[in-house]
Each structure stands twice: as structure tokens, then as C-alpha cells.
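Chemist: First, the structure itself, so that you have it in front of you.
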Amino acid sequence: MSMLEVLKSLEEEHFDAKKGKVSNSIEALPEGTYNCVLKSVTHRAKNGRGFLMFGLEVVDGDYAGRTESIFPTLEQTTSKGNPMPDFVLARSIKTIKIIGAMVGLDVPNACFLSDDADANYDSIEKAFDGFEGKMLQMTIKLSPNKKNPDKPYRNYEFAPAEQPKVAEVEDDPFAQAAGTEVDESDLPF
């Protein structure tokens, strides 16, 4: 996108510099099916709580280059100290195992057995090591959020995708090259 196109898109959004607000204009991906690459699986922490993040990047279509971040939780308690509902933990484990299966990884059950969520996140991050760059298909479906209607729930379905083929090179094109010998007297400094 050229700078002129960016400026035009700001005008179309009715951007008003006099209001002094720079909003986050990155909108979430809309409902749909996307061919993605698994960009990252990372264990991070914020405000003293660890979390796991799957980063997926759309590789084709109108949304190519856009990313979707998925945050499954394995915390035993909520941020308010209440027990985490079993269905939340089950959904998170399913999400992790399904993403793994779609990129060719059978995520071991051992990754979920520690009572320490951070230890589990570390195990999962290590299990996915070497699987970044693998393709998968992601379908996003939205459902109503009664507590916050402006932020509908994002529901995911995943499917395997055809992996890119690596070009095979039979012969080294430089194998017969004689190569030029350079000694210090040939250098300009």
C-alpha cells in the first residue's frame, strides 16, 4: 500500500486529527476460512501471570499478512482467584492438541501434567519447536457474548493444509566453478 493509499484509507475512516486520539486500527480477522502459517508458539508473562500464545499468519487472499493470536490457558485459577472452570481447561487442551495435529505434531500428554501452568507452557513451547512455518487452515466463527456484545466470542476450527514443497536441486551449479583467487595486494585498502 502506498502512502497515498494509506492517507485515503484514513479519510475513508473519517480520521480527525483534532480529536487527538490514535486508536488501534488493527481490526480482528472477520469470520471466514484462512490458509495460515504457524508463526510462533511462545510462553510469555504479563502482570505476574504466564500465558501461551499461538501466532498464525494468513498467507493468501485479501487478508494476507494479517495475524491471529490465540491464547489457550492452563491456569488452575482465574485472575480473581476462583477455580478455572473445567470446560475452559478442556477447550484449551483441545485447541493446543488440534493445532499440533494440523501441523504434524502429536502433542504429548506430559505437556499438561504439571500443577504449574508455566511449566506446562514451557513444555508445549518446546514440543512445538521445529513446527513453526508449517501450514494449516483456520476457520473463525463468531458467537454472541452476552456480557460484552461489542466483543463476540471467537471460535476456531482447524484443518490440515498442503505443506509447501521444497525445491530439489540435483546438481550444484557452482561445483565446476574455478573461483578467483584474491590476495591482499588486490584489495583497495
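Chemist: I need Arg66, Arg49 ordered by Cβ neighbour count within 10 Å, fewest first. Provide the component values of the computation, followed by the final result.
Modeler: Details: Arg66 16, Arg49 13.
The order, fewest Cβ neighbours first, is Arg49, Arg66.
Chemist: Also, I was wondering about something else. Would you list Cys36, Cys111 from fewest to most Cβ contacts within 10 Å?
Modeler: Neighbour counts put them in this order, fewest first: Cys111, Cys36.
Chemist: Quick check: residue separation of Met53 and Glu27 times 0.36 nm, minus the Cα distance between them. What number comes out in nm? Please report the intermediate quantities before stating the final value.
Modeler: Details: separation 26, 0.36 × 26 = 9.36 nm, distance 1.83 nm.
Difference between extended and current length: 7.5 nm.
Chemist: To continue, here is another question. In whole Å, what are the extents of the chain along the principal axes defined by its C-alpha atoms, from largest to smallest?
Modeler: So the three principal-axis extents are 74, 55, 37 Å.
Chemist: Sticking with the crude label model, points 7 Å out along Cα→Cβ, report the distance from Ala17 to Asn148 in nm, one decimal please.
Modeler: 3.2
Chemist: Next question, about the same structure. In percent, how large is the relative contact order of region 36-134, given Cα pairs closer than 8 Å and 6 or more residues apart?
Modeler: 28
Chemist: A follow-up question, please. Which of Tyr153, Tyr34, Tyr63, Tyr121 has the fewest other C-beta atoms within 10 Å, and how do the rest follow up to the most?
Modeler: Tyr153, Tyr63, Tyr34, Tyr121
FYI, it's all coordinate maths here, none of it is from the lab. Fair warning: this is a prediction, and the values are worked out from it, not measured in the lab. Cβ atoms come from the backbone with ideal geometry, glycine included; neighbour counts cover every protein chain shown.
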